[in-house]
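Working notes for the structure below.
Where a number appears in this text, it was derived from the coordinates with a stated rule and is not lab data. Remember, predicted model here, so these are calculated numbers, not experimental data. Every residue, glycine among them, receives a Cβ derived from its backbone with ideal geometry; neighbour counts consider all protein chains shown.
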Amino acid sequence: MPSESAAYELAQVNIARLKYPLDSPELKDFVDGLDPVNAVADAADGFVWRLQSETGNATDVPVLGDAWMIVNMSVWRDQNALTAFMYQGQHRELLARRREFFEHVKEALATLWWVPAGHRPTVAEAEERLLHLRAQGPTPYAFTLRTSFPAEDAAQAGAGATNAD
């Protein structure tokens, strides 16, 4: 990996609108899967950090002013590390069942962006990046797995800089 890239880490956020309350029988499998999936993430190669509250996950962290929305936010070494985690094991199993747990939303629900190494993004920062993606499409400031940009592009565009440090 080029040394300039090592100066950046990949932040990701995804949100979902619940179909049912978290304590409902319909979401039992999802809720029961959170701790094991988070433990696998925490131990994954390339994992850096994840948003969590006192509960150990982030299901009670408000996002976009919608009480039915939940947020997942993490930081990874790079896109390869993130995708290796996303599409394997229990995370993949829960991902395959997302339509059972979450409402279909037409707008973008996930975005990626580069952050300076050591920076831990806030929910407000993640909301800003997600809304930017919805309005502008993928750019070095906020992008998707399908349309991504290298850390160097973000640095040149000033997109890796944050005001939340």
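When you restrict to C-alpha pairs under 8 Å that are six or more residues apart and normalise by the size of the chain, the relative contact order lands at 30 percent.
Residues 49, 113, 76, 68, ranked from the fewest to the most other C-beta atoms within 10 Å, line up as 68, 49, 76, 113. Helical content alone sets the calculated 222 nm signal of the chain at -10500 deg cm²/dmol, taking -39,500 (n - 2.57) per DSSP H segment of four or more residues and averaging over every residue. Once you reduce region 98-144 and region 1-74 to the center of their Cα atoms, the two points are 13 Å from each other.
Considering only DSSP states other than H, G, I, E and B, which GluC sites (Glu not before Pro) in region 40-104 qualify as loop sites with at most 15 other Cβ atoms within 10 Å? Display every interim value, and only then the final one.
On the way: sites: 54, 93, 100, 103; in loops: 54, 103.
Qualifying residues, ordered by number: 54, 103.
Tell me, 99, 129, 77 in order of fewest to most beta-carbon neighbours within 10 Å?
Working: 99 9, 129 23, 77 19.
Ascending number of Cβ neighbours within 10 Å: 99, 77, 129.
Note on region 3-157: with charges restricted to the Cβ of Lys and Arg (+1) and Asp and Glu (-1), its dipole about the Cα centre is near 420 debye.
Each DSSP beta bridge with both residues in the chain is either parallel or antiparallel, and the antiparallel ones are about 100%.
Neighbour counts of other C-beta atoms within 10 Å: give me 53, 148 arranged from fewest to most. Provide the component values of the computation, followed by the final result.
Numbers: 53 10, 148 14.
Neighbour counts put them in this order, fewest first: 53, 148.
In the chain, the longest principal axis of the Cα atoms and the axis of helix 123-136 are about 80 degrees apart.
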